[in-house]
Structures are given as C-alpha cells and as structure tokens.
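Student: Provided herewith is a single structure, encoded as structure tokens, for subsequent inquiry.
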Amino acid sequence: MKCPFCGHIEDKVVDSREGKEGSSIRRRRECLRCRRRFTTYEHVEDVLPVVVKKDGRREAFERNKILSGLKKACEKRPVGMDALEESVSRIEKKVQESGEKEIPSTMIGEEVMRELHTLDEVAYVRFASVYREFKDINQFMEELRDILKDRNKK
C-alpha cells in the first residue's frame, strides 16, 4: 500500500477490524519510512454491472466515484465518513442485487439522491442542483418546496 503522505510503498498493519455489516475490513497502517498512520478499507470485489452514461459511454462501476460525489455534496456539513461509507455500501449492494449486466448512471444518481435526502437536506439540494441540471430558479424552488412538504409530514 502506497503511503498517502510520503509515497513509500512499505508499511505495517497496526490494527485490523471488521467493518460494519461484515462486508469490509478496516486496516490501520503505519508507513515504515515516515511513521505516519493511515486507514485503508478492503472490500470483496464482486462482479458489478457496467454503468451506461447519459452519452452512451460505458464505464466500470466505481465505488470511489460515488463516495467522492457524496463527500462533495456533504462538504462543510455535519455528516461523518462512517455515514458516507454506509451510504455507498447500500448503493453498491442495490446495484449488485439488480442482477443486471448494465445499469444506467441515472439509477445510481437517484440512489445517491435518496441517500442524501436522509443524510442531510442541504447536501441533497447541492447534489440535486447539479444532478438534475435545473434550467431556472423555478425548477430549483419546486425542489425546495418538495423538501419542505416532506419535512412538514414528519
């Protein structure tokens, strides 16, 4: 494993723990050169469907892309990494369980939106404003009205 601080490729595992739901292993590592510690996660590599983008291109499903999008949406919000990792795991599980060889990227986008809606409303609106490509302020306001309706039902 390459050290994220100095780039050295040798380290030692200091601690290993099973992740939540038993689907991953969390490893605490120490770089043998700079002695700084970092955490890695190991996941069983499953055969995941190919993602069909809006323009027709096909790409391999990448867990880290989803996590990156969630992090951007939740930037400066009170949402912890554990919650984001759990959301990504739920999305990945749904994709796997679909049993499809190919899935549209829109399906993943909608799942991300569902997760963000439960995690943080501001992060949800941030993601939705980019994902849904609102054409004008009226579309944006309609989305906000829907959120307020949901909040008032609770």
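Student: Given H placed on each backbone N at 1.01 Å, which residues far from S24 in sequence or on other chains put an amide H within less than 5 Å of it?
Tutor: Hits under the 5 Å cutoff: G19.
Student: Related question: Tell me whether the stretch 90-131 comes out rounded, prolate or oblate; compute the Cα gyration tensor, take square roots of the eigenvalues as a ≥ b ≥ c, and use a/c under 1.5 as the rounded threshold.
Tutor: Oblate, because a/c is 1.5 or more while a/b does not exceed b/c.
Student: Where does the charge balance sit around L32 when Lys and Arg score +1, Asp and Glu -1, over other residues with C-beta under 11 Å from its C-beta?
Tutor: +2
Student: Let me ask something additional. With r defined as the distance between the Cβ atoms of V122 and V14 and R0 fixed at 41 Å, what FRET efficiency is calculated, to the nearest 0.05?
Tutor: FRET efficiency, V122 to V14: 0.70.
Student: Another one. Work out from phi, with θ = phi - 60° and the Karplus expression 6.51 cos²θ - 1.76 cosθ + 1.60, the ³J(HN,Hα) of each residue of the stretch 78-91, listed in order in whole Hz, and give x for Gly and Pro.
Tutor: Karplus values, whole Hz, x for Gly and Pro: x, 10, x, 4, 4, 5, 5, 4, 5, 4, 4, 4, 5, 5.
Student: Can you work out the FRET efficiency for the pair T106 and C34, with r the C-beta to C-beta distance and R0 = 30 Å, to the nearest 0.05?
Tutor: That gives a FRET efficiency of 0.10.
Student: Run the dipole for the chain about the Cα centre, Lys and Arg Cβ at +1, Asp and Glu Cβ at -1, nothing else charged, and hand back the magnitude in debye, nearest 20.
Tutor: So the dipole magnitude of the chain works out to roughly 620 debye.
Student: Another question about this same structure. Modelled label-to-label distance, R26 and E62, 7 Å Cα→beta-carbon offset: nm?
Tutor: Each label point lies 7 Å from its Cα, and together they span 2.5 nm.
Student: Show that you can apply the helix-only estimate: for the chain, add -39,500 (n - 2.57) for every DSSP H stretch of four or more residues, divide by all residues, and state [θ] at 222 nm to the nearest 500.
Tutor: -15000 deg cm²/dmol
Student: If you don't mind, another one. In whole Å, what three semi-axes, largest first, describe the equivalent ellipsoid of the stretch 1-44 built from its Cα gyration tensor (square root of 5 times each eigenvalue)?
Tutor: 22, 9, 7
Student: Which percent, nearest 5, of DSSP beta bridges in the chain are antiparallel?
Tutor: The antiparallel fraction comes to roughly 85 percent.
Student: How about K71: which lysines have a C-alpha closer than 25 Å to its C-alpha, ignoring those fewer than 8 places off in the same chain?
Tutor: Those lysines meeting the cut-off are K2, K20, K53, K54, K93, K94, K135.
Student: Now, a different point. Just L144, L48, L119 to compare: in a GNM of the chain, with alpha carbon springs under 10 Å, which one fluctuates most?
Tutor: For the chain, modelled as a Gaussian network with Cα springs under 10 Å, the answer is L144.
Student: Please label the shape of the chain as rounded, prolate or oblate, based on the square roots a ≥ b ≥ c of the eigenvalues of the alpha-carbon gyration tensor (a/c under 1.5 means rounded; beyond that, a/b larger than b/c means prolate, else oblate).
Tutor: Since a/c reaches 1.5 and a/b is larger than b/c, the shape of the chain is classed as prolate.
Student: Now a separate question. Please list, in order, the residues from the stretch 49-72 whose amide nitrogen is less than 17 Å from a point placed 7 Å along the Cα→Cβ vector of E143.
Tutor: Under 17 Å, as judged by backbone N against the label point of E143, lie 69-72 of the stretch 49-72.
Student: While we're on this one: For the chain, build the charge dipole from Cβ charges (+1 Lys, Arg; -1 Asp, Glu) around the Cα centre, then report which of L148, H8, T40 sits farthest towards its positive end.
Tutor: About the Cα centre, the residue reaching furthest to the positive side is H8.
Student: Further question on the same structure: Collect residues whose amide H, placed 1.01 Å from N in the peptide plane, falls under 5 Å from the amide H of H8; neighbours closer than 5 in sequence don't count.
Tutor: Answer set, sorted by chain and number: C3.
Student: On to the next question. For the chain, which cysteines have no second Cys with its Cβ under 4.7 Å from theirs?
Tutor: That list is C74.
Read the figures in this text as sums done on the coordinates, not as results from a lab. Predicted, not measured: the structure shown is a model, and the values here were computed from it. All Cβ positions, even for glycine, are placed from backbone atoms using ideal geometry, and neighbour counts span all protein chains on display.
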